[in-house]
Amino acid sequence: LYFVAALRFFSASRVVITFHEFFDPLCHSPGSFLRGWPQRARAGFLLFFAHGALVTVTSRLAWCRRLYFWKKERLAETLIAGNIEPAPLSPGERERLAARYGLEPGVLVLTLFGHVTSDKDFPLLLRVAARLRDDGVRFRLLLVGNSSENRFYRRLKKLETQLGLERCVTWTGPVDSREVSWLLQLTDLYLSPYVYGAGNRNGSILAAFS
């Protein structure tokens, strides 16, 4: 922070910063509001002293331009590119992949791609899956990506067991980009249960679109 301020006043260098999402966590409760103050203060400090900024969220850009009105022409939006290149999927590979992940004909394939982190409402996703099963819907929920052995993941696995979803849910763990692309091509419905809202700042959503 002090380095940015020093550059601003004692150097001819132009300082441009970029933000992915700088108000995290959002203020869903008084506790999260207080816990988020240090990060919001750092973000405000950087925005104040920088010559310009690139912001990935449209609503945040509008907010920044209102608050930092004297530099609004130097605040711009930039898009995040998809983080997975589309890979061709042959009929044979499609059959082998479907067999490996239990994607039987007539089964609805629901997919979420990304790290298993608390910014996605996995508990809600699992409860919705249980409701679908109880309603007689034949489906397979594919959770594609890193499911490292952290406390949040263990809590989700416990909930999965309590709901009796072991035969309906597949945690792939880390897979390479080609297989991610293939699994997305097998998907009937892509899921984006982001706690803070989904948009063009989410590389996984852009990968699904591609």
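The values are calculated or read from the model by the stated rules, or taken from the named source; none is laboratory data. Everything numeric here is computed off the predicted structure, so don't read it as measured data. For neighbour counting, all protein chains shown are included, and Cβ atoms are generated from backbone atoms with ideal geometry for every residue, glycine included. When the accessible area is computed, the model is the full protein with side chains, heavy atoms only, and any ligands, DNA or RNA have been set aside. Shrake-Rupley method; radii C 1.70, N 1.55, O 1.52, S 1.80 Å.
Results, tabulated for the structure shown:
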{"item": "Value of relative contact order over segment 89-210, rounded to a whole percent, pairs C-alpha under 8 Å and six or more apart", "result": "34"}
{"item": "Global form of segment 66-190, assessed from the alpha-carbon gyration tensor, a/c cut-off 1.5", "result": "oblate"}
{"item": "Positive-end residue of LEU108, THR78, LEU156, charge dipole of segment 71-168 with Cβ unit charges", "result": "LEU156"}
{"item": "Accessible area (Å², 1.4 Å probe, nearest 10) - GLU104", "result": "110"}
{"item": "Rounded to the nearest 10 Å², the accessible area of ILE205 at probe 1.4 Å", "result": "20"}
{"item": "Accessible surface of HIS51 - all protein chains present, 1.4 Å probe, nearest 10 Å²", "result": "20"}
